[in-house]
Amino acid sequence: PSFAQEVDEKWSIKNKGDIEFDDQNQWKHTVEVIYALTDRAEITLSGKTAKKDDQSLEYKASKLEGAYLLTDSDYWVKSEVEVGYEMNHLGDADSVEATLKLKKSFGLWSHKFETSVSHEVGEKKESGLGAEVELEVYHNFENYSLGGAYEVDFGRLKDNNGYEEQKHYVGPLVSFDLPLGGYNIETEFGYLAGLSRASTDHVLKYEFEYSF
């Protein structure tokens, strides 16, 4: 989920996904249902699907996670922690994940930093912590924001993967609010280029969220 919101709406629906262009193209999509317990805490139930060019659509996993707002915008940095459990439905291992999100604004610029660690659980687990990092920087205009993102998937830390074995991406982002059917849809589109050998060549990203 996004940073916990101090608003009257209790429910949010988020649709997000990646369209990957590589040797074997793939579409990944996630639907999240978010409920705000308080102005600082929320829970999310999500479902993940995926489809490759030559395969049918598969329901991959379900995830339950909780988020807590540690510090809000009154502090020098806004921070949130998330903890989640993902159940795999295709016979692979389940996983647990912890994420720290930071957000800081300077004038018309917004900066977001996210780091997460995960570990597989269950009979088919592989030992070792996985780690990912995401950095986004936006310049905010009157009706939209333009920015860029850098993302890294380090894989399992114990493997000591070098740069080419890690997944590195960089690319532009645009976000704006889209009025539709009485709702204000928070919308984001992005393009990421793979920089390392293990990365997918090209990724188109999208995200739509509305609250009620």
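The values are calculated or read from the model by the stated rules, or taken from the named source; none is laboratory data. This one's a predicted model, so the numbers in the text were calculated from it and none came from an experiment. FYI the Cβ positions are ideal-geometry reconstructions off the backbone, even for glycines, and counts take in every protein chain you see. For accessibility, only protein heavy atoms count, side chains too; no ligands or nucleic acids. Shrake-Rupley method; radii C 1.70, N 1.55, O 1.52, S 1.80 Å.
Just a few scattered comments:
- Residue selected from region 58-92 under the condition at pLDDT 95 or above and small (G, A, S), by the criterion farthest from A36 (Cα to Cα): A61
- Test set (1) outside any strand (DSSP E or B); (2) surrounded by 16 or more Cβ atoms within 10 Å (Cβ to Cβ) - K124 fails condition number: (2)
- Members of region 142-187 found to be open to solvent by 40 Å² or more (accessible area, probe 1.4 Å) and among the charged types (D, E, K, R), listed by number: E142, D153, R156, K158, D159, E164, E165, K167, D177, E186
- The condition of being in a loop (DSSP other than H, G, I, E, B) and either open to solvent by 70 Å² or more (accessible area, probe 1.4 Å) or in contact with a strand residue (DSSP E or B) (Cβ under 8 Å, 6 or more places away or on another chain) (or both) holds for only one of W27, W76, that being W76.
- Condition met for K63 (open to solvent by less than 60 Å² (accessible area, probe 1.4 Å) and touching a residue at least 40 places away in the same chain (Cβ under 8 Å)): no
- Only one entry of H202, H139 meets the criterion of being farther than 28 Å from I43 by Cα, touching a residue at least 40 places away in the same chain (Cβ under 8 Å) and over 16 Å from the mean Cα position of the chain (by Cα), and that entry is H202.
- Qualifying residue in region 35-49 (condition: under 19 Å from E134 (Cα atoms), at pLDDT 95 or above and crowded, with 16+ Cβ neighbours inside 10 Å): no
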